[in-house]
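Written below as structure tokens is the structure these notes are about.
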């Protein structure tokens, strides 16, 4: 056979063998897939499972956060409300020198104050006589009528602070005496006497007594007792003090610690903290 015939025969034989090789797996048992293919398939499945699990965990966490946020919201609102109240109190300065107060209407412990009020009533039972006796003072006060309250407060404080300071033991022969306005205008006096006279002067001008208090304080610098007049004026407290020339905002005074305050209707015990 010539070489040209041998080549086709070999080609046919090779083709037949290839066909047998291709068809053989279909008729024989199925072989296991290679390990690398199985690993990739398993990896794909695991990846899908992890993504599903992660998504489920995220949903749970979001749900828990929403629940916690809902449960905390009222407390947060309440806290904000308390903070607002605290801020308003600080702004309006309703606490005298930052102290807490306990109110009482029992005046039995305050015989000196009650005595001064009683003598004042006696002095003014004959108002014409009182005005004639203390004409200079009355003329001064009448000249302030019609002016704004702060102008009146400043003028009264300045006028009364010109009075001479005299201690009770020298003036009255006793350690502590609370003078009526008439007694103070006649014989002068010490710190509480200035405060009482200022209180009565402003009352005469129409100021509300409920917004004024005589305040017994501890002077933290001098380590002694002292008395001042506090007036609640337009959401703040102003202090009239015979030791201070100007009318001062209570928030600017750091060296006084109130013990008690008093007016004609009530008295208040003060405590720090």
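At a glance:
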quantity	calculated
Filter pass, residue 188 being modelled with pLDDT of 95 or more, surrounded by 15 or more Cβ atoms within 10 Å (Cβ to Cβ) and within 24 Å of residue 266 (Cα to Cα)	no
Of all residues in the stretch 199-212 being assigned to a helix (DSSP H, G or I) and in contact (Cβ under 8 Å) with a residue 60 or more places away in the chain, the one that is nearest to residue 145 (Cα to Cα)	204
Any hit, the stretch 250-257, residues being crowded, with 23+ Cβ neighbours inside 10 Å and either modelled with pLDDT of 95 or more or within 15 Å of residue 96 (Cβ to Cβ) (or both)	no
Residue that is farthest from residue 185 (Cα to Cα), among those in the stretch 96-116 that are in a helix (DSSP H, G or I) and within 37 Å of the chain's Cα centre (by Cα)	98
Selection count where residues are farther than 14 Å from residue 270 by Cβ and under 26 Å from the mean Cα position of the chain (by Cα), scope the stretch 221-230	1
Test: residue in the stretch 244-261 that is touching a residue at least 40 places away in the same chain (Cβ under 8 Å), over 22 Å from the mean Cα position of the chain (by Cα) and under 13 Å from residue 199 (Cβ atoms)	yes
Yes/no for residue 106 being in the same structural domain as residue 259 (by TED's automatic domain parsing), within 23 Å of residue 208 (Cα to Cα) and surrounded by fewer than 18 Cβ atoms within 10 Å (Cβ to Cβ)	yes
Residue count, the stretch 167-195 (criterion: more than 19 Å from residue 132 (Cα to Cα) and in a helix (DSSP H, G or I))	9
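Conditions (1) assigned by TED's automatic domain parsing to the domain that holds residue 137; (2) in a loop (DSSP other than H, G, I, E, B); (3) closer than 16 Å to residue 159 by Cα, marked per residue:
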residue	(1), (2), (3)
197	yes, no, yes
214	yes, no, no
217	yes, no, no
221	yes, yes, no
227	yes, no, no
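The values are calculated or read from the model by the stated rules, or taken from the named source; none is laboratory data. Just so we're clear, the structure is a prediction, and the values are computed from it rather than from any experiment. Reconstructed Cβ throughout: ideal geometry from the backbone, glycine too, with neighbour counts over all protein chains shown.
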